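This report concerns only the one structure given below.
What follows is calculated from the coordinates using simple rules that are stated; it is not laboratory data. From a predicted model like this one, the values you see are computed outputs, not experimental measurements. Ideal geometry is used to build each Cβ from the backbone, glycine not excepted, and the neighbour counts take in all protein chains shown.
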Amino acid sequence: MQLQEAKKQIKWQEWSQVLACRNSEGSVKQWCEQNGIHIKTYYYRLQVVREC
């Protein structure tokens, strides 16, 4: 049961980052640079979130 909860927590963290980026004023590239996230990581997380 703990493993499932941990996976849910990770997905929520990924979702919150995707949401924060989409709500920002600048481009995805700018947001990723400012937050230390590789742009490919952002798009991977976006894909994972969309599959849920």
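About its Cα centre, the dipole of the chain is roughly 140 debye, where the only charges are +1 on Lys and Arg Cβ and -1 on Asp and Glu Cβ.
A cut-off under 15 angstrom between Cβ atoms defines the neighbours of residue 51, and their net charge, with Lys, Arg +1 and Asp, Glu -1, is +4.
Enumerate by residue number the GluC sites (Glu not before Pro) in the chain meeting two conditions: DSSP loop (anything except H, G, I, E, B), and at most 14 other Cβ atoms within 10 Å of the site's Cβ.
Answer in residue order: 25.
Against the chain, whose longest principal axis comes from its Cα atoms, helix 39-51 is set at around 50 degrees.
The relative contact order of segment 2-51 comes to 40 percent, based on Cα pairs under 8 Å that sit 6 or more residues apart.
If a spin label sat at a point 7 angstrom from the Cα of residue 4 along the line to its beta carbon, the backbone N atoms of segment 19-52 nearer than 19 Å would be those of 52.
Between the DSSP loop rule and a limit of at most 13 other Cβ atoms within 10 Å, which chymotrypsin sites (Phe, Trp or Tyr not before Pro) in the chain are left? Filter output for the chain: empty list. Computed from the C-beta positions of residue 30 and residue 51, the FRET efficiency with R₀ = 22 Å rounds to 0.30.
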